[in-house]
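Quick notes on the structure that follows.
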């Protein structure tokens with residue numbers, strides 16, 4: 001077992017000439033460390049702290065690291081998330097392959113407004129329902145969870161899930177059993193000696209679960225018919241704005257759906273039949289069903305995504321194009337109006353047209369009282 005001491009910190013800070021007061025980065029991985037000690041006292045300016053692949057059981061003695069931006073505690077024996085709420089500059093937190101069960105403890109990170117990335121893959125908390133939605137809601141600053149970007153749709157769906165299952169989440173009984181670490185010797189850190197193998201295994205398990213979910217064949221969703229009206233029932237679970245445009249010249253009907261700009265196009269399935277259109281989110285399964293104002297050809301449909309605005313345009317060939325609104329196009333006729341401007345002259349007493357005309361009449365004539373020239 002290795003303890004964290006000022007001597008060890010100086011030895012690991014040779015890149016900073018052994019000066020701990022101004023040290024910004026230190027790597028203490030694979031030292032068989034069991035307890036975090038003296039780091040916040042000796043290195044108050046620390047920004048990057050790497051403690052992965054050790055035997056750490058508890059997060060402690062980090063409260064004074066106000067400038068810490070990246071904390072790596074992957075591949076340890078941590079069973080509870082605690083003592084991180086004061087790390088106000090924290091941007092990235094890696095807790096991969098630990099023993100954390102209670103994901104409700106992550107509520108303590110809600111005040112870390114700069115936290116953008118969080119890794120929890122390989123923790124037992126992932127076996128409990130709604131863990132991902134809960135973390136997205138309680139840590140609103142997160143931009144990525146386990147390496148996957150959090151979209152606006154993810155936040156909306158997570159908020160709905162947590163609101164609808166609030167009592168169920170509060171009633172979850174998390175396993176508080178702590179593994180018997182004392183039965184292991186100092187030389188038996190992990191079943192896998194190479195830390196990279198452990199990380200790879202955790203990542204593969206997470207990826208395999210996502211792959212298996214994608215491999216399940218999706219059934220084509222059935223249309224919902226209003227029994228009273230006998231036509232397609234419209235609903236919008238996705239909450240996206242939409243509108244229809246008609247193109248009489250090409251005989252097409254265009255359905256425009258305002259998808260968020262950052263939402264990938266392949267995350268939404270589009271299914272068109274003769275009288276309706278159905279959009280389904282691949283991640284959440286939520287749907288948007290719209291009744292078409294005109295009957296269309298199902299096999300003559302094309303989709304276009306506008307990158308600048310994110311709008312998805314679905315072009316559909318209309319069965320009876322003569323029913324589309326025909327816009328009357330009138331030929332443009334240019335009519336020029338010639339306005340004759342009257343000449344005016346401005347004086348200190350006002351504007352006088354007569355005075356100007358009189359000047360024009362007198363121009364070139366001599367006054368009558370002008371004396372004759374002497375020869």
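The table below gives the values:
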{"quantity": "Yes/no for residue 30 being closer than 19 Å to residue 115 by Cβ, assigned by the TED database to the domain that holds residue 119 and in contact (Cβ under 8 Å) with a residue 40 or more places away in the chain", "calculated": "no"}
{"quantity": "Region 7-43, subset part of a helix (DSSP H, G or I) and surrounded by 14 or more Cβ atoms within 10 Å (Cβ to Cβ), residue modelled with the lowest pLDDT", "calculated": "16"}
{"quantity": "Options 90, 49; residue that is free of Cβ contacts under 8 Å to residues at least 40 places away in the same chain, within 35 Å of the chain's Cα centre (by Cα) and assigned to a strand (DSSP E or B)", "calculated": "49"}
{"quantity": "Any hit, region 129-136, residues being surrounded by 15 or more Cβ atoms within 10 Å (Cβ to Cβ), assigned by the TED database to the domain that holds residue 84, over 17 Å from residue 166 (Cβ atoms) and in contact with a helix residue (DSSP H, G or I) (Cβ under 8 Å, 6 or more places away or on another chain)", "calculated": "no"}
{"quantity": "Residue check for residue 109: in contact with a strand residue (DSSP E or B) (Cβ under 7 Å, 6 or more places away or on another chain) and in the same structural domain as residue 154 (by the TED database)", "calculated": "no"}
{"quantity": "Single residue of region 243-273 satisfying the filter (in contact with a strand residue (DSSP E or B) (Cβ under 6 Å, 6 or more places away or on another chain) and not in a strand (DSSP E or B)) that is farthest from residue 149 (Cα to Cα)", "calculated": "251"}
{"quantity": "Wholly within region 100-174, helices (runs of 4 or more DSSP H) carrying at least 2 residues that are under 22 Å from residue 84 (Cα atoms)", "calculated": "131-138"}
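Residue by residue, here is whether (1) surrounded by 15 or more Cβ atoms within 10 Å (Cβ to Cβ); (2) more than 19 Å from residue 317 (Cα to Cα); (3) in the same structural domain as residue 300 (by the TED database) holds:
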| residue | (1), (2), (3) |
| --- | --- |
| 240 | yes, yes, yes |
| 248 | no, no, yes |
| 252 | yes, no, yes |
| 257 | yes, no, yes |
| 265 | no, yes, yes |
| 275 | yes, no, yes |
| 281 | yes, yes, yes |
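The values are calculated or read from the model by the stated rules, or taken from the named source; none is laboratory data. Note that the structure is predicted; figures quoted are calculated from it, not measured. Virtual Cβ from ideal backbone geometry, glycine too; neighbours counted across all protein chains shown.
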